[in-house]
Ligand code: GTP
Ligand code: MG
């Protein structure tokens, strides 16, 4: 099976959607949450996490937003969980996301799109080392 890094972004935490989003992940058959922590991210961590986006026009506001309040960081393990959480989340733009997905149900703004989920096995291993070094 696989493991993935999931972040509930500061908008999800501020809006009281932790239970809603964690619940959707938790209810998928056979998936397990194996680490979970409420944490405020600093720039150094975000620079590593979003290394692929450094220098893009949305990078600075993204880091500002992602450090604006606590996130929930968690590790989820299970069958095809990397693709599976991306499907639960929906596409990056919440207006383009289908209702029924997390972004489609709760989001409107591209930056404030509620959730991050690793996009490949390589990303998952890289991101797990950043957020849960002892665990990885
Ligand atoms: P993550 O799971 O958060 O990595 O989202 P993603 O994989 O769907 O998107 P991507 O990695 O391409 O971008 C990371 C985050 O940057 C997105 O989730 C958005 O919050 C933000 N973002 C990406 N593209 C844009 C953009 O064109 N404009 C703005 N304002 N934000 C963007
Ligand atoms: Mg991404």
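Okay, here's what the table says:
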quantity: Gain in span if fully extended, residue 33 to residue 120, counting 0.36 nm per residue against the direct Cα distance; calculated: 29.5 nm
quantity: Helix-only CD estimate at 222 nm, as mean residue ellipticity for the chain, using -39500 (n - 2.57) per DSSP H run (n ≥ 4); calculated: -10500 deg cm²/dmol
quantity: Contour minus Cα-Cα distance for residue 1 and residue 43 (0.36 nm per residue); calculated: 11.9 nm
quantity: Cα→Cβ-extended label distance, 7 Å offset, between residue 80 and residue 20, nm; calculated: 2.7 nm
quantity: Hull shadow area, averaged, the chain [alpha-carbon convex hull, nm²]; calculated: 7.5 nm²
quantity: Net lengthening on full extension, residue 67/residue 135 (0.36 nm per residue, minus Cα-Cα); calculated: 22.2 nm
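Computed from the coordinates by the stated procedures, all read-outs in this text should not be read as laboratory data. Note that this is a predicted model, so its numbers are computed, not measured. Note that each Cβ is placed from the backbone with ideal geometry, even for glycine, and that neighbours are counted across all protein chains shown.
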